[in-house]
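The values are calculated or read from the model by the stated rules, or taken from the named source; none is laboratory data. Computed from a prediction, not measured in an experiment: that's the story for all the values here. No Cβ is skipped: glycine too gets one built from the backbone with ideal geometry, and neighbour counts run over all protein chains shown.
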Amino acid sequence: MKSSKGFLEEKITRRFYDRIAESLERKPIDLEPGEHRERLRALLGGLGELTFYQLLEVKPGVTEEEIHLAYTELARAVHPSHANRLGMDASRGALELLFERSTEAYLTLNDPDRSRVYQMATGMHPAANEGPSAEQRRKEQVEQAERLYRVSRGLVLEARYHDAVQTLRQTVKLDPKPEYYALLAECLGRNPNWLKEASRAYRAAIELAPHDPLLRNELGLVYERAGGGPRAEEQYEAALTLDPESADAQAGLDRLRARRLETVEGETLWTRLTAFFKRPTSQGGSS
């Protein structure tokens with residue numbers, strides 16, 4: 001397991017990863033595969049939104065033993081080694097993030113000093129049952145999105161694009177920034193079957209940053225690859241309006257116009273050939 005470059009040091013993550021793996025070898029988890037998948041998907045869907053207390057399903061003021069038991073049960077359930085058995089290989093990177101987040105929650109709540117700092121940051125105190133304020137929750141979501149974005153960039157560098165897509169989908173839910181959508185679109189665009197979703201991600205980025213010519217150009221490339229010439233040309237022209245010196249946008253327009261000219265000339269030649277061979281042949285000689 002590789003560290004996700006955002007939560008814990010790799011050696012710490014590895015120690016917990018190996019310990020839980022040994023636990024699962026001694027005593028496999030007692031969960032039906034369908035139920036197990038649904039639980040993991042629910043946890044992945046809330047990754048970044050759940051507080052450490054909600055993730056471990058404990059309340060402020062619990063004992064260290066209760067935190068330990070809660071973490072052990074959670075870590076055994078979310079361990080990335082389950083990915084293959086549950087048919088979730090495409091989500092393995094996200095499971096690694098979830099396992100690391102769970103471990104971070106355990107190490108934070110199980111340490112009195114770190115737990116006190118976390119409680120102050122989130123507004124959660126042992127004497128109060130109410131959760132953090134909307135402002136505090138939003139701040140945590142933004143910080144979590146930044147972490148996931150850094151993780152995603154690391155996954156891209158490792159060419160783990162499917163894992164990056166899974167992580168970035170969660171990132172834009174937490175904090176819809178144009179750069180997050182742009183990286184998501186870039187990863188999606190590497191799969192020809194995901195060009196439609198890639199175009200949606202680029203459009204979302206453009207809505208947030210309408211004056212960025214690079215986003216317009218990248219969307220034009222996606223449309224061009226998908227065969228949408230007119231829409232691609234529209235984006236290239238928009239990019240040139242924003243940046244008249246954009247060589248990439250101009251090159252895109254030149255490609256489309258050359259292709260359109262070739263098509264017109266080919267159709268014209270075919271029309272002439274068809275007309276020529278349909279002309280009746282003259283009858284020579286006299287009776």
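Would you check if residue 217 is assigned to a helix (DSSP H, G or I) and either free of Cβ contacts under 8 Å to residues at least 24 places away in the same chain or of a type in the set (Gly, Ala, Ser) (or both)? Write out each step before concluding.
On the way: assigned to a helix (DSSP H, G or I): yes; either free of Cβ contacts under 8 Å to residues at least 24 places away in the same chain or of a type in the set (Gly, Ala, Ser) (or both): no.
No; evaluated as a whole, the condition is false for this residue.
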_Any residue that is of a type in the set (S, T, N, Q), over 28 Å from residue 244 (Cβ atoms) and in contact (Cβ under 8 Å) with a residue 40 or more places away in the chain - is there at least one of those in the range 192-199?_
no
When restricted to 92, 76, the only residue under 19 Å from residue 169 (Cα atoms), in contact (Cβ under 8 Å) with a residue 24 or more places away in the chain, charged (D, E, K, R) and in a helix (DSSP H, G or I) is 92
Looking across the range 22-56 at residues that are under 23 Å from residue 150 (Cβ atoms) and assigned to a loop (DSSP other than H, G, I, E, B), the single one that is modelled with the highest pLDDT is 51
Only one of (1) in a helix (DSSP H, G or I); (2) surrounded by fewer than 19 Cβ atoms within 10 Å (Cβ to Cβ) does not apply to residue 190, and that is (1)
- prompt: Does any residue of the range 8-21 turn out to be touching a residue at least 40 places away in the same chain (Cβ under 8 Å), surrounded by fewer than 18 Cβ atoms within 10 Å (Cβ to Cβ), among the charged types (D, E, K, R) and part of a helix (DSSP H, G or I)?
  reply: no
Exactly one of 184, 168, 148 is aliphatic (A, V, I, L, M), in contact (Cβ under 8 Å) with a residue 60 or more places away in the chain, in contact with a Ser or Thr (Cβ under 9 Å, 6 or more places away or on another chain) and buried (at least 24 other Cβ atoms within 10 Å of the Cβ), and that one is 148
**Study point:** residue 176 surrounded by fewer than 17 Cβ atoms within 10 Å (Cβ to Cβ) and within 16 Å of the chain's Cα centre (by Cα)
**Key:** yes
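Taking the criterion of being assigned to a helix (DSSP H, G or I) and in contact (Cβ under 8 Å) with a residue 60 or more places away in the chain, would at least one residue in the range 110-124 satisfy it?
Quick first cut of the range 110-124, residues assigned to a helix (DSSP H, G or I) only: 112-122.
Retained after the next criterion (residues that are in contact (Cβ under 8 Å) with a residue 60 or more places away in the chain): 118, 122.
Yes, there is a match, as at least one residue in the range 110-124 is assigned to a helix (DSSP H, G or I) and in contact (Cβ under 8 Å) with a residue 60 or more places away in the chain.
Among what's in the range 79-126 and is of a type in the set (D, E, K, R) and more than 18 Å from the chain's Cα centre (by Cα), pick the residue that is surrounded by the most Cβ atoms within 10 Å (Cβ to Cβ). Steps first, please.
Looking only at the range 79-126, we keep the residues that are of a type in the set (D, E, K, R), and these are 85, 89, 92, 96, 100-101, 104, 111, 113-114, 116.
Those left that are additionally more than 18 Å from the chain's Cα centre (by Cα): 85, 104, 111, 113-114, 116.
Working: 85: 12, 104: 19, 111: 14, 113: 8, 114: 13, 116: 11.
Here the answer is 104.
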